[in-house]
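Please read the structure below before turning to the comments.
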Amino acid sequence: DAGVIQSPRHEVTEMGQEVTLRCKPISGHNSLFWYRQTMMRGLELLIYFNNNVPIDDSGMPEDRFSAKMPNASFSTLKIQPSEPRDSAVYFCASSTWTSDETQYFGPGTRLLVL
Amino acid sequence: LAKTTQPISMDSYEGQEVNITCSHNNIATNDYITWYQQFPSQGPRFIIQGYKTKVTNEVASLFIPADRKSSTLSLPRVSLSDTAVYYCLVGDKGNNDMRFGAGTRLTVKP
């Protein structure tokens, strides 16, 4: 199994630009999570989906952030417009909605907004 | 959501046993206790999970007292490669809304 796949691995952009992060969960997993990690705030849960439906987006910082999961094998996290304070590592994780709720994390996308 | 409290950092030496304790005083009846490990520039990785008493796998042991208000992750004979941040999470298996705390930064010295 390839594990959770995220792209791009690194992204450098200028303030005001749109940024789209992509995630492919592990096949057969029906829960997907987006996290953001910074030195100051640690690992924050932004939003999670069950069966492609957003369950809790209370962690999304503001309206500039949006996430979609059009099908079971793909999700996007979009920031528009981006700001320097959005610079962080963004992780995607997936799990099964069964007895084992272990979350499997992707390698992360390191975002730098100049 | 049950809040967890862990030491911010710990130091150890190669070959020693390391015990990291997590407090979760308001753990709910349906909550499980899960520990993750995170190396620099990587996403967290599952280590072990338990509900009560003791759980052991090839990587670690998890000790949970009867009142379940705390848990201890035990790493036997650590090596330099065990240097990482260790997170304790508490949550209902039917609820994916588990929050990561600050974690414990373990540094293993030669």
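The values are calculated or read from the model by the stated rules, or taken from the named source; none is laboratory data. It should be emphasised that the depicted structure is a prediction, and the values quoted were computed from it without experimental measurement. Virtual Cβ from ideal backbone geometry, glycine too; neighbours counted across all protein chains shown. Only protein heavy atoms, including side chains, enter the accessible area calculation; ligands, DNA and RNA are left aside. Shrake-Rupley method; radii C 1.70, N 1.55, O 1.52, S 1.80 Å.
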In this structure, is B:N30 within 14 Å of chain A (Cβ to nearest Cβ), open to solvent by 50 Å² or more (accessible area, probe 1.4 Å) and polar (S, T, N, Q)? yes
Considering A:R22, A:R64, which residue is without any contact (Cβ under 8 Å) to a residue 24 or more places away in the chain, among the charged types (D, E, K, R) and away from every other protein chain (no Cβ under 14 Å)? A:R64
Mind listing whichever residues of segment A:1-26 are assigned to a loop (DSSP other than H, G, I, E, B), modelled with pLDDT of 95 or more and either closer than 24 Å to B:G101 by Cα or among the small types (G, A, S) (or both)? A:V4, A:G16, A:P25
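Yes or no: segment B:34-41 includes at least one residue that is more than 19 Å from A:A93 (Cβ to Cβ), within 13 Å of chain A (Cβ to nearest Cβ) and touching a Gly at 6+ places or on another chain (Cβ under 8 Å).
So far as segment B:34-41 goes, no, none of its residues is more than 19 Å from A:A93 (Cβ to Cβ), within 13 Å of chain A (Cβ to nearest Cβ) and touching a Gly at 6+ places or on another chain (Cβ under 8 Å).
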Residue by residue through segment B:1-15, note down the ones that are modelled with pLDDT under 95 and small (G, A, S). B:A2
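Scanning for something part of a strand (DSSP E or B), crowded, with 16+ Cβ neighbours inside 10 Å, at the interface with chain B (Cβ under 10 Å from one of its Cβ atoms) and not hydroxyl-bearing (S, T, Y), does segment A:93-101 turn up at least one residue?
Let us first name the residues in segment A:93-101 that are part of a strand (DSSP E or B), namely A:93-95.
Those left that are additionally crowded, with 16+ Cβ neighbours inside 10 Å: A:93-95.
Keeping just the survivors that are at the interface with chain B (Cβ under 10 Å from one of its Cβ atoms) gives A:93, A:95.
Keeping just the survivors that are not hydroxyl-bearing (S, T, Y) gives A:93.
Checked against the condition, which is being part of a strand (DSSP E or B), crowded, with 16+ Cβ neighbours inside 10 Å, at the interface with chain B (Cβ under 10 Å from one of its Cβ atoms) and not hydroxyl-bearing (S, T, Y), segment A:93-101 yields at least one hit.
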Selection from segment A:102-114 of residues that are out of contact with any helix residue (DSSP H, G or I) (no Cβ under 8 Å at 6 or more places or on another chain), surrounded by fewer than 18 Cβ atoms within 10 Å (Cβ to Cβ) and assigned to a loop (DSSP other than H, G, I, E, B): A:T102, A:P107
Screening B:V90, B:V78, B:V85 for residues that are more than 30 Å from A:T109 (Cβ to Cβ), surrounded by 17 or more Cβ atoms within 10 Å (Cβ to Cβ) and either out of contact with any Pro (no Cβ under 6 Å at 6 or more places or on another chain) or touching a residue at least 60 places away in the same chain (Cβ under 8 Å) (or both) leaves only B:V78
Residues located in segment A:67-83, provided they are outside any loop (DSSP other than H, G, I, E, B) and either under 13 Å from A:F49 (Cβ atoms) or open to solvent by 60 Å² or more (accessible area, probe 1.4 Å) (or both): A:A67, A:K68, A:M69, A:P70, A:N71, A:F74, A:S75, A:T76, A:L77, A:K78
Count, please, the residues in segment B:41-56 that happen to be open to solvent by 50 Å² or more (accessible area, probe 1.4 Å), at pLDDT 90 or above and of a type outside the set (D, E, K, R). 4
Note on A:G16: of the conditions (1) open to solvent by 50 Å² or more (accessible area, probe 1.4 Å); (2) out of contact with any Cys (no Cβ under 9 Å at 6 or more places or on another chain); (3) in contact (Cβ under 8 Å) with a residue 40 or more places away in the chain, unmet is (1)
Can you name the condition, by its number, that A:R41 falls short on among (1) under 15 Å from the mean Cα position of the chain (by Cα); (2) within 26 Å of B:G91 (Cα to Cα)? (1)
